[in-house]
Amino acid sequence: MKLIFVVGASRSGTTMLNRVLGNHSQVIALNELHYFGDIWKPGADSMSLSKKGLEGMAAQLIARHHRGIWGGLVTDEDRKQAIEIVNKLRPEQKNGWAVFSAVMEWISEVQGKNCISEQTPRNIFYASSLLDNYPDSYVVQMVRDPRAVLASQKGRWRRKWLGGNNIPWLEILRVRANYHPITMCKLWKKAIYAGKALSDHPRFTTLCFENLVASPEKELVKLCSFLGLSYEPNMDNVPLVGSSNKKNHDSRKGISADVLDTWKNKLSSGEIALCEYICRNEMTCYGYKPVSKNFPLISVAWNLIFFPLHLLGVVVTNPKRAMIQLRAYIRN
């Protein structure tokens with residue numbers, strides 16, 4: 001079984017690419033599972049777990065596969081399937097790495113395909129370990145202009161009114177509190193650093209969102225070759241859904257370039273200036289040109305004043321996610 005991890009800074013196009021890969025006849029495209037760092041935290045103290053613990057992890061993973069991360073509690077059927085999967089593990093497989101692999105194998109057998117694509121963005125921070133523990137895995141990092149990422153994050157809380165009807169209100173509140181240009185830019189940089197550390201790995205590659213949008217077939221031919229898949233026409237025939245700034249268009253399909261420059265109208269001069277200051281070196285590496293002619297002191301000061309309130313809001317709305325984000329933020 002081949003595993004493809006589509007990773008990167010959040011709102012960089014990971015969901016879109018995962019849908020594209022899911023159009024391939026050999027690929028199963030999964031929901032965001034948020035397994036690593038959420039359901040299970042890799043580490044020396046968590047390598048050996050009880051049978052009950054392993055079953056609980058497998059059940060959560062199965063539930064998220066079926067119904068997404070907001071799909072409700074684990075069902076009796078999920079638990080039953082999890083017990084069957086864990087019972088097949090050998091003694092040396094009593095750990096989180098093996099549980100994930102075993103559940104993926106089960107999904108592969110059920111759907112009759114030998115390749116699985118998973119799209120949790122923050123897996124970029126576990127990419128090195130994923131490549132080490134899964135020899136048949138590939139990691140594809142999506143990179144997008146940080147100003148576009150910022151604009152998408154800023155408007156993300158509006159997704160409930162743009163077609164994301166299943167998003168819980170608590171998640172809307174969390175996303176709203178989670179946004180600040182400084183935090184988002186720092187996390188974007190961390191994702192870039194994590195990718196650069198793996199740039200020479202034979203099973204790691206980077207794909208720029210802007211290149212994929214501009215030349216879908218050209219980029220997908222290269223990507224399929226890297227993944228050991230044959231390119232299939234119409235892989236890019238995906239629904240235009242999931243944008244933070246445009247309403248879902250379920251009837252329209254394809255990869256649209258409409259979102260490329262929306263950040264110019266969605267960000268304040270202070271947000272743009274802060275982004276270009278914090279990310280300037282990394283932006284240069286990817287050809288993202290700055291547009292700020294000066295440093296708008298009032299707009300920048302406004303963002304700085306609200307930074308402590310933003311941090312408090314993150315902790316209050318979801319402490320667990322705050323710790324996950326903090327670990328990603330400070331990870332070397």
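Search the stretch 185-213 for residues that are modelled with pLDDT of 95 or more and hydroxyl-bearing (Ser, Thr, Tyr) and pair each with any residue that is open to solvent by 70 Å² or more (accessible area, probe 1.4 Å) and part of a helix (DSSP H, G or I) when their beta-carbon atoms are under 9 Å apart and the residues are at least 6 apart or on different chains.
As it stands, the answer is 205/222; 206/196, since those pairs meet every condition given.
In the stretch 1-30, how many residues are of a type in the set (D, E, K, R), over 8 Å from the mean Cα position of the chain (by Cα) and either over 10 Å from residue 116 (Cα atoms) or crowded, with 21+ Cβ neighbours inside 10 Å (or both)?
Number satisfying all stated conditions: 1.
With respect to residue 130, determine if the residue is over 27 Å from residue 202 (Cα atoms), touching a residue at least 40 places away in the same chain (Cβ under 8 Å) and surrounded by 20 or more Cβ atoms within 10 Å (Cβ to Cβ). Before you say what the answer is, go through the steps one by one.
Working: over 27 Å from residue 202 (Cα atoms): no; touching a residue at least 40 places away in the same chain (Cβ under 8 Å): yes; surrounded by 20 or more Cβ atoms within 10 Å (Cβ to Cβ): yes.
Taking the combined requirement at face value, the residue does not satisfy it.
In the stretch 76-96, which residues are open to solvent by less than 50 Å² (accessible area, probe 1.4 Å) and not charged (D, E, K, R)?
81, 82, 85, 86, 89, 93, 95, 96
Identify, from the list 228, 254, the residue that is at pLDDT 95 or above and at positive phi.
Of 228, 254, the one residue that is at pLDDT 95 or above and at positive phi is 228.
The values are calculated or read from the model by the stated rules, or taken from the named source; none is laboratory data. These numbers come from a predicted model, not from an experiment. Using ideal geometry, Cβ is built from the backbone for each residue, glycine included, and neighbour counts are taken over all protein chains shown. All accessible areas refer to the heavy atoms of the entire protein, side chains included, with ligands and DNA or RNA removed. Shrake-Rupley method; radii C 1.70, N 1.55, O 1.52, S 1.80 Å.
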